[in-house]
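*Asks:* Please find one structure pasted underneath; my questions will follow.
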Ligand code: 6PG
């Protein structure tokens, strides 16, 4: 794994305040440089509190924000498992991102490969034919070391010639950005909280376990943003060295 930054915050509230701060910093820099802020959102439970905190934060430049997803369960947008549906309920129904700047992953073709190709076409329309360089990509990590929908032992881990592919969680298909896109980002943040992640965080940050999350090595900056519970298994002396 390449070098990375490590931040450990005492508990959830401080962690999500810092996550909001990073969002604000990255958005301000991107808008200054390019007039827009492109961000790919993580799914699952952890980032819900970040999205909720953003709705309580004044001055977020939503008019210049372009929202994408890092992965999506292959369910309709109104399904309880939908990552887009989760962000719509928590964030989009409250803040005013122009609808033309919100790009959910399509899941309605009845064919995940077709929908993956459709999302790649969408990325080409927005970013052009160069591999998208998102200003910020939020990622979580599963207890098996997966990230986005790049699960251990699946074909998606090998995909280098596509920007979007079909991930597999067991028998469940998902859509996911691929490593070439994740690793083109200006900034990737792993947002990880809770004691259940302590073991995988230790494995990911201190061993060569070849976990899917360990292949995220962006051209830009990589930050592991943890709460104390998720960092609890890290060797204390190493904490100072890892960051
Ligand atoms: C998803 C996510 C997935 C998630 C991890 C952690 O669609 O579920 O993209 O990669 O980030 O599974 O999930 P939790 O935050 O719920 O622990």
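*Asks:* Does the stretch 121-129 contain any residue that is closer than 30 Å to residue 29 by Cα and surrounded by 24 or more Cβ atoms within 10 Å (Cβ to Cβ)?
*Replies:* Checked against the condition, which is being closer than 30 Å to residue 29 by Cα and surrounded by 24 or more Cβ atoms within 10 Å (Cβ to Cβ), the stretch 121-129 yields no hits at all.
Conditions (1) within 29 Å of residue 73 (Cβ to Cβ); (2) touching a residue at least 40 places away in the same chain (Cβ under 8 Å); (3) surrounded by fewer than 21 Cβ atoms within 10 Å (Cβ to Cβ), marked per residue:
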{"residue": "13", "(1), (2), (3)": "yes, no, yes"}
{"residue": "19", "(1), (2), (3)": "yes, yes, no"}
{"residue": "28", "(1), (2), (3)": "no, no, yes"}
{"residue": "35", "(1), (2), (3)": "no, no, yes"}
{"residue": "38", "(1), (2), (3)": "yes, yes, no"}
{"residue": "52", "(1), (2), (3)": "yes, no, yes"}
{"residue": "59", "(1), (2), (3)": "no, no, yes"}
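*Asks:* Test residue 111 against the criterion of being within 14 Å of the ligand (Cβ to nearest atom) and either surrounded by fewer than 19 Cβ atoms within 10 Å (Cβ to Cβ) or over 19 Å from the mean Cα position of the chain (by Cα) (or both), and give yes or no.
*Replies:* no
*Asks:* Looking at the stretch 50-90, which of its residues are touching a strand residue (DSSP E or B) at 6+ places or on another chain (Cβ under 9 Å), more than 10 Å from the ligand (Cβ to nearest atom) and assigned to a helix (DSSP H, G or I)?
*Replies:* 50, 51, 64, 84, 87, 88
*Asks:* State the number of residues belonging to the stretch 139-157 that are outside any loop (DSSP other than H, G, I, E, B) and either near the ligand (Cβ under 9 Å from one of its atoms) or buried (at least 22 other Cβ atoms within 10 Å of the Cβ) (or both).
*Replies:* Of the residues in the stretch 139-157, 4 are outside any loop (DSSP other than H, G, I, E, B) and either near the ligand (Cβ under 9 Å from one of its atoms) or buried (at least 22 other Cβ atoms within 10 Å of the Cβ) (or both).
*Asks:* Going by the structure shown, is residue 174 under 24 Å from residue 26 (Cα atoms) and either within 16 Å of the ligand (Cβ to nearest atom) or touching a residue at least 12 places away in the same chain (Cβ under 8 Å) (or both)?
*Replies:* no
*Asks:* Please go through the stretch 178-199 and pick out each residue that is assigned to a strand (DSSP E or B) and either more than 14 Å from residue 43 (Cα to Cα) or more than 10 Å from the ligand (Cβ to nearest atom) (or both).
*Replies:* 187, 188, 189
*Asks:* Among the listed residues 231, 209, 238, identify the single one that is modelled with pLDDT under 95 and assigned to a loop (DSSP other than H, G, I, E, B).
*Replies:* Going through 231, 209, 238 in turn, the sole match is 209.
*Asks:* Looking at the stretch 116-138, is at least one residue within 16 Å of the ligand (Cβ to nearest atom) and assigned to a helix (DSSP H, G or I)?
*Replies:* Scanning the stretch 116-138, I find at least one residue that is within 16 Å of the ligand (Cβ to nearest atom) and assigned to a helix (DSSP H, G or I), so the answer is yes.
The values are calculated or read from the model by the stated rules, or taken from the named source; none is laboratory data. Just so you know, these numbers come straight off a predicted model, no measurement behind them. Because the Cβ atoms are built from the backbone with ideal geometry, glycine has one as well, and the counts that use them run over all protein chains shown.
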